[in-house]
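A.B. asks: Below you will find the structure I want to go over with you.
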Amino acid sequence: MPAGSKAKYSDKQKRQAAHIEASYEEKGVSRETAEARAWATVNKQSGGGEKSGSGRKTSPAAKSRARHDSAKRAVATREGKPRSSASSLGTQSKEALMKEARTKGITGRSKMRKQELIEALQKAS
């Protein structure tokens, strides 16, 4: 697709750009400047043409729910509440597991591998 091609834009986006461009021209802005501003506005509002890519299949409601859940987990962590499941130990780094093992007083932790730390922490809970 050559630079400046509008082939990937939906009909609605093209209509919006034309309307915005016309309103700028009515205000006395040159045609080229009006067109550039119109497409910049459409891109700002909708993120550009009909592009495929990461994150486009996740609905806004699902994203909002995920942010809300993440915030709740962060608050619980700051308040020092324990994890909801032992399976989440596997997603932590070895350094984080070592720190937790230190706070729980697990002996021999410095020589343990990650899986051994997970098992020791599960037993200690």
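A.B. asks: For the range 84-113, name all the residues that are surrounded by 15 or more Cβ atoms within 10 Å (Cβ to Cβ) and either modelled with pLDDT under 80 or of a type outside the set (Asp, Glu) (or both).
C.D. replies: If the condition is that a residue be surrounded by 15 or more Cβ atoms within 10 Å (Cβ to Cβ) and either modelled with pLDDT under 80 or of a type outside the set (Asp, Glu) (or both), then Leu89, Gln92, Leu97, Met98, Ala101, Ile106, Arg109, Met112 are the ones that fit.
A.B. asks: Here is a further query. Conditions: (1) at positive phi; (2) modelled with pLDDT under 85; (3) loosely packed, with under 11 Cβ neighbours inside 10 Å. Gly47 meets all but one. Number of the miss?
C.D. replies: In the conditions (1) at positive phi; (2) modelled with pLDDT under 85; (3) loosely packed, with under 11 Cβ neighbours inside 10 Å, Gly47 misses (3) alone.
Per-residue answers, yes or no, for (1) at pLDDT below 80; (2) in contact with a Phe, Trp or Tyr (Cβ under 8 Å, 6 or more places away or on another chain); (3) of a type in the set (Lys, Arg):
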{"site": "Pro2", "(1), (2), (3)": "yes, no, no"}
{"site": "Ala7", "(1), (2), (3)": "yes, no, no"}
{"site": "Asp11", "(1), (2), (3)": "no, no, no"}
{"site": "Arg37", "(1), (2), (3)": "no, yes, yes"}
{"site": "Lys63", "(1), (2), (3)": "no, no, yes"}
{"site": "Lys72", "(1), (2), (3)": "no, no, yes"}
{"site": "Thr77", "(1), (2), (3)": "yes, no, no"}
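A.B. asks: Any residue in the range 12-37 that's among the aromatic types (Phe, Trp, Tyr): show its pairings with residues that are surrounded by 11 or more Cβ atoms within 10 Å (Cβ to Cβ) at Cβ separation under 6 Å, as long as the two are six or more apart or on different chains.
C.D. replies: Tyr24/Ala34; Tyr24/Arg37
The values are calculated or read from the model by the stated rules, or taken from the named source; none is laboratory data. Fair warning: this is a prediction, and the values are worked out from it, not measured in the lab. As a convention, Cβ positions derive from the backbone with ideal geometry for all residues, glycine included, and neighbour counts pool all protein chains shown.
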